[in-house]
Amino acid sequence: MEKLIITAAICGAEVTKEHNPNVPYTVEEIREEARRAYEAGASIIHLHVREDDGTPTQSKERYQVCMEAIRQVCPDVIIQPSTGGAVGMTVDERLQPLELHPEMATLDCGTLNFGGDEIFVNTENMIKDFGQRMMERGIKPECEVFDKSMIDMALRLSKKGFIKEPLHFNLVMGVNGGISGEPRDLLYLTESLPKNATYTVSGIGRHQLSLNTMAILLGGHVRVGFEDNIYLRKGELAESSADFVKRIVDLSVILGREIATPKDARRILGLTK
């Protein structure tokens, strides 16, 4: 098996300090949270940014400041900004981080109910637009998949030239409105991927550890962090996303799989720097 790529999703757009006081908001907090995750073994930082009061933003200026701060303390880490933003943001808002020409960015591949009255909208034409803009800038898309139909959408648009192969997927499981987080569901998704694709598994909440373990065994990669889970174990809040990274590193060693460095991750994902 290839070495294991660990992505740290250090803050997200929805989780707040009210949920866990260690969730980072400020530039300094985001920088330090990224540093801790990187030093623990993460080779990719999946990045949302916030205003100092915790308000989610897709501001290009805020992303630039945060990305520069992260590079000061972990210069070789892969920074993967989100184009998902937060529910209710416009297309133009969400696309701002692409202007900074990151190596990777997320590409959401379908619309999803996010609970209550919230709908995370990604129409087919939006996905085409996002994919084309990433290709124009040489940015590797990570196809965000919350259900099987989103894999099908990515494959269709790839055949039409809107997303460049080989594809990389993030299988996000256990979100309210998306596919559940049972082992059978992960097997269903992974068996639906093309043979030349790579994939990461993101288990939400209580599904995180079990799905991460399966991903290690199946040859996939893993995402952990505050965006997906705030509890290290039942009733115990994590102090940092690095806590989740360390747990995966320890588990991967036990299971006989080496951890990828950022250099390894770039090779596996076909990135150049």
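The values are calculated or read from the model by the stated rules, or taken from the named source; none is laboratory data. On a predicted model such as this, the values are computed, not experimentally measured, just so you know. Reconstructed Cβ throughout: ideal geometry from the backbone, glycine too, with neighbour counts over all protein chains shown. Each accessible area value is taken on the protein alone, full model and side chains, heavy atoms only, with ligands, DNA and RNA left out. Shrake-Rupley method; radii C 1.70, N 1.55, O 1.52, S 1.80 Å.
Out of segment 245-267, which residues are open to solvent by 30 Å² or more (accessible area, probe 1.4 Å), of a type outside the set (Lys, Arg) and either closer than 20 Å to PHE169 by Cβ or free of Cβ contacts under 8 Å to residues at least 24 places away in the same chain (or both)?
ASP250, VAL253, ILE254, GLY256
Would you pick out the residues in segment 109-143 that are open to solvent by 10 Å² or more (accessible area, probe 1.4 Å), at pLDDT 95 or above and of a type in the set (Asp, Glu)?
GLU124, ASP129, GLU136
Tell me which of these ILE6 doesn't satisfy, since it passes every other one: (1) under 14 Å from PRO262 (Cβ atoms); (2) open to solvent by 20 Å² or more (accessible area, probe 1.4 Å).
(2)
Return the residue satisfying two criteria in turn: it lies in segment 225-262 and is aliphatic (A, V, I, L, M) and touching a Leu at 6+ places or on another chain (Cβ under 9 Å), and of such residues it is farthest from GLU29 (Cα to Cα).
LEU255
Looking only at segment 156-196, which residues are within 18 Å of the chain's Cα centre (by Cα), within 27 Å of ALA260 (Cα to Cα), open to solvent by 20 Å² or more (accessible area, probe 1.4 Å) and among the small types (Gly, Ala, Ser)?
Matches in segment 156-196: GLY174 only.
Would you check which residues across segment 64-86 are without any contact (Cβ under 8 Å) to a residue 60 or more places away in the chain, within 30 Å of GLY115 (Cα to Cα) and either among the basic types (Lys, Arg) or in contact with an Asp or Glu (Cβ under 9 Å, 6 or more places away or on another chain) (or both) and list them?
ILE79, THR83
Scan segment 219-259 for residues that are of a type in the set (Lys, Arg), modelled with pLDDT of 95 or more and outside any strand (DSSP E or B) and jot them down.
Of everything in segment 219-259, those that are of a type in the set (Lys, Arg), modelled with pLDDT of 95 or more and outside any strand (DSSP E or B) turn out to be LYS246, ARG247, ARG257.
Give, as residue ranges, the helices (runs of 4 or more DSSP H) completely inside segment 114-208 that count at least 1 residues that are in contact with a helix residue (DSSP H, G or I) (Cβ under 8 Å, 6 or more places away or on another chain) and of a type in the set (Lys, Arg).
Per the criteria, 124-136, 148-159.
Residues of segment 191-212 being without any contact (Cβ under 8 Å) to a residue 40 or more places away in the chain and hydroxyl-bearing (Ser, Thr, Tyr), which ones?
TYR199, SER210
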